[in-house]
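In what follows, a single structure is set out as structure tokens and then discussed.
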Amino acid sequence: MKRLVLFSLVVGAAAVAQVVHSARGSGTIEFASNREHISFSAVERADGTATGSAEVHDISAGVTVHIDVNCLNVIGNVATISGIVTRSSDPTGVPEGFEGIFQVVDNGEGKDAPPDFMSQANFFAVGTGNDCHAPGEFDLVPVEHGNVQVD
């Protein structure tokens, strides 16, 4: 009986930890006069939790921000990623504790695939901006010098 209980606990824990979605990549985008480079890696587990990180470098403003990912929403080839700012080179403009959110589109691999797309990262006080699970509309532009993968 003890073996059965232990086996059930191990199998149950493995099912909770199973990765159901992932998004990773990096790329540079240009939107109007703003140039931004985003690198990210995020996973969503079967229990709904998400983990990962993103590094946003606003090249035009000279600002770098680190995000600890806490939400990943994948619908088809589109991933919306958000989390909490844990480091910022501009604490007045993008303070630690703010939320950051962005969206990416994976359009496939190879030389004949159309380009992937990415939005700029948006930052706001927690609870005042887009929700990762109901993200709304993002302005997306083609990724330059990069690649996005959404599973």
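Coordinate-derived values only; no laboratory data. The shown structure was predicted, so the numbers you read here are calculated from the model rather than taken from an experiment. Methodologically, a virtual Cβ is constructed for each residue, glycine included, from the backbone with ideal geometry; neighbour enumeration extends over all protein chains shown.
Observations
- For the chain, calculated [θ]222 nm from helices alone, where every DSSP H run of n ≥ 4 adds -39500 (n - 2.57): -3500 deg cm²/dmol
- Vicinal HN-Hα couplings computed from phi for the stretch 34-43 (Karplus, 6.51 cos²θ - 1.76 cosθ + 1.60; Hz; Gly/Pro x): 9, 10, 9, 10, 10, 10, 7, 8, 8, 10
- Net lengthening on full extension, THR128/ILE59 (0.36 nm per residue, minus Cα-Cα): 22.3 nm
- Inter-label distance, nm, simple model (7 Å from Cα along the C-beta direction), PHE31/ASN77: 2.1 nm
- Using θ = phi - 60° in the Karplus curve 6.51 cos²θ - 1.76 cosθ + 1.60, the 3J(HN,Hα) couplings for the stretch 134-151 round to 9, x, x, 9, 10, 7, 10, 10, x, 7, 9, 6, x, 7, 10, 10, 10, 10 Hz; x is entered for Gly and Pro.
- Cα-based helix-to-principal-axis angle, 2-17 vs the chain, degrees rounded to 10: 10 degrees
- Among (i) 30; (ii) 35; (iii) 44, the entry derived from the coordinates for percent of Cα pairs over 24 Å apart: (ii)
- Burial ordering of ASP112, ASP151, fewest other beta-carbon atoms within 10 Å first: ASP112, ASP151
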